[in-house]
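Trainee: I have a structure I would like to understand better, so I am pasting it below and will then ask my questions one at a time.
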Amino acid sequence: MRYLRVLLIAVLVLTLMATAACNKKPTTDKEGEQSTTGSSQDAVLDKTNGDEDVPELPESIRDLYSFKEVEILLEGMPERIVLYPYGEIAPQEGMARYVIYIEDAYRVEQQDNLLRATFPFDNVPVPVFLEITQVKDIPAEEMVATIMANTDYRSYIITGFSTEDFPYTVFWSQEGDDYDSKVTNVLVRDNDQGGSFLITMQFFSEAEEGHGARLWNSIRSLEMF
C-alpha cells in the first residue's frame with residue numbers, strides 16, 4: 001500500500017512537471033527576437049538621427065526628370081521622338097541648375113560647365129552639335145553687347161530678340177549658299193544668377209528641317225529649376 005502511494009505521488013509530480021514545461025514560453029528565442037528588433041530600430045534611429053529635415057540629394061538629373069516622347073515636324077512631316085534629360089544639378093556659384101531634353105540620336109558629353117551634344121556619325125559635310133555653357137557675372141544684355149562688339153562675330157546678324165515665350169537673343173550666320181554650307185546660331189539668355197547662358201548650335205544648310213529642327217526643339221525644352 002505504501003509503495004502504491006509513493007507511485008501515485010511520483011506520477012503526479014511527473015505530470016505537473018510536464019504541464020509546466022508545455023506552458024513555459026521559449027524565453028531564449030523571444031529574447032533573441034527582441035534583441036534583434038531593438039538593434040534594427042537603433043540602426044534606423046542612427047541613420048536618421050539629426051537628418052529628419054534634410055532631403056536626400058539627387059545624384060544625377062535623371063533622379064529628378066524622366067524621358068519624354070514628343071511630336072515635332074521633321075522635313076515637313078510629323079514625327080514622334082524620344083528625348084532624354086541632361087543638365088546641371090550642382091553648378092558652381094553664380095550658375096543655374098537646369099534641365100534640357102536631347103534626342104538619343106546625339107552623343108552627349110558633360111564636363112566643367114560644358115554640355116556638348118554631337119551627331120556621332122561622319123556622313124555629314126559639317127559637324128553637327130549643340131553646346132551649352134554659362135558665363136558668370138555677365139548678364140545676357142551685357143553678353144549680347146560683347147558679342148556685337150567682337151570682330152569674330154562680324155558675319156552674324158541678330159534674327160531674334162528675347163521674349164517672354166522664348167527668352168533668347170539669337171545670332172545667326174551662314175557660310176555660303178550651298179546645301180553643305182555651315183549654319184551657326186549663337187543664343188544668349190539670362191541664367192537668373194547674375195550671369196548668362198551661351199548656347200551654340202551648328203549644322204549644315206540642307207539639315208535646317210532635320211538636325212536644325214531637332215536641336216531647336218531641345219533648346220526650347222531648357223528649363224531652370
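Trainee: Could you order peptides 142-155, 186-199, 168-181 by the average number of other Cβ atoms within 10 Å of their residues, highest first?
Mentor: 186-199, 168-181, 142-155
Trainee: Shifting gears a bit: Report, to two decimal places, the Cα Rg of region 74-225 normalised by 2.2 N^0.38 Å (N = number of residues).
Mentor: 1.03
Trainee: Kindly give Rg over Rh for region 99-144, based on alpha-carbon atoms, with the Kirkwood expression for the hydrodynamic radius.
Mentor: Taking Rg over the Kirkwood Rh, I get 1.08.
Throughout, read-outs are computed from the coordinates displayed, never taken from laboratory work. For clarity, every value in this text was computed on a predicted model and none was experimentally measured. Backbone-built Cβ (ideal geometry, glycine too); neighbour counts: all protein chains shown.
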